[in-house]
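Heads up, the thing below is written out as structure tokens.
The values are calculated or read from the model by the stated rules, or taken from the named source; none is laboratory data. On a predicted model such as this, the values are computed, not experimentally measured, just so you know. Neighbour counts run over all protein chains shown; Cβ positions are idealised from the backbone, glycine included.
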Amino acid sequence: MKAVILYASSHHGNTKKVAEAMAEVLGAELVDLTQEQKADLSDFDLVGIASGIYFGKVHNAMQTFLERAVFREGQRAFAVCTCGANNGDYAKRMADMLEGKGLTCVGSFWCRGFDTFGPFKLVGGLAKGHPDRSDLEKAKEFARGLM
Ligand SMILES: Cc1cc2nc3c(=O)[nH]c(=O)nc-3n(C[C@H](O)[C@H](O)[C@H](O)COP(=O)(O)O)c2cc1C
């Protein structure tokens, strides 16, 4: 199975850690969308997108990617996000974005990620230590389920 995970992770590398854990299981190629864009994804059997959440949205680099990328109709895909809040809605929204692009979303995963944005910094940050070992184990378990 040829898999790729495209990620955007600019705050603390939280999403990158989760993407790397999943890529290890899937033997997936990893693409850092903040460094390079990938236009043609049609060659892959499985496409993962992973992003931190910033002001309720995916990273700008992820947004740009989703607007431009070329997929195969019905291609298998999954969505991953990390966020400061205890809120699984963001991952569901990302899954909807994939479906909106004509892909078949086969799962979504989220966990909390250390957040020191703005006032949270003053109180030592939200979700300190996340993703932790348990989050990364769950991420790997999720990835195994995709194989
Ligand atoms: C500018 C900014 C805005 C953020 N907005 C939200 C938000 O709206 N909701 C939320 O749950 N977390 C928010 N966060 C927290 C991040 O989603 C969280 O720390 C995430 O794990 C960052 O991932 P990264 O380290 O991969 O960039 C925000 C963080 C930053 C820096």
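Here are the numbers for this structure:
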read-out	value
Every residue from segment 34-48 that is of a type in the set (A, V, I, L, M, F, W, C) and under 11 Å from the mean Cα position of the chain (by Cα)	V47
Lone unmet requirement of (1) within 16 Å of the ligand (Cβ to nearest atom); (2) within 16 Å of Y7 (Cβ to Cβ) for D132	(2)
Close pairs from segment 1-30: first closer than 17 Å to T116 by Cα and at pLDDT 95 or above, partner within 11 Å of the ligand (Cβ to nearest atom) and part of a helix (DSSP H, G or I), Cβ under 7 Å, at least 6 apart	S9/T15; S9/K16
Tabulated pairs, segment 38-66, first of a type in the set (K, R) and at pLDDT 95 or above, second part of a loop (DSSP other than H, G, I, E, B) and more than 16 Å from the ligand (Cβ to nearest atom), C-beta under 9 angstrom, 6+ apart or interchain	none
Residue within segment 59-80 that is surrounded by fewer than 20 Cβ atoms within 10 Å (Cβ to Cβ), of a type in the set (D, E) and in contact with a Ser or Thr (Cβ under 8 Å, 6 or more places away or on another chain) present	no
Among the candidates V70, V4, residue that is over 23 Å from K140 (Cβ atoms) and away from the ligand (no atom under 14 Å from the Cβ)	V70
In segment 58-94, the residues that are part of a helix (DSSP H, G or I) and farther than 12 Å from Q37 by Cβ	D89, Y90, A91, K92, R93, M94
Residue match in segment 87-109 (condition: of a type in the set (K, R), more than 15 Å from the ligand (Cβ to nearest atom) and modelled with pLDDT under 95)	yes
Residue in segment 1-33 that is farthest from F65 (Cα to Cα), counting only those that are part of a loop (DSSP other than H, G, I, E, B), within 14 Å of the chain's Cα centre (by Cα) and aliphatic (A, V, I, L, M)	A28
Test: residue in segment 116-126 that is within 13 Å of the chain's Cα centre (by Cα) and closer than 18 Å to K16 by Cα	no
Residue in segment 29-47 that is of a type in the set (A, V, I, L, M, F, W, C), under 17 Å from G145 (Cα atoms) and buried (at least 24 other Cβ atoms within 10 Å of the Cβ) present	yes
Counted residues, segment 94-123 - those being free of Cβ contacts under 8 Å to residues at least 24 places away in the same chain and buried (at least 16 other Cβ atoms within 10 Å of the Cβ)	1
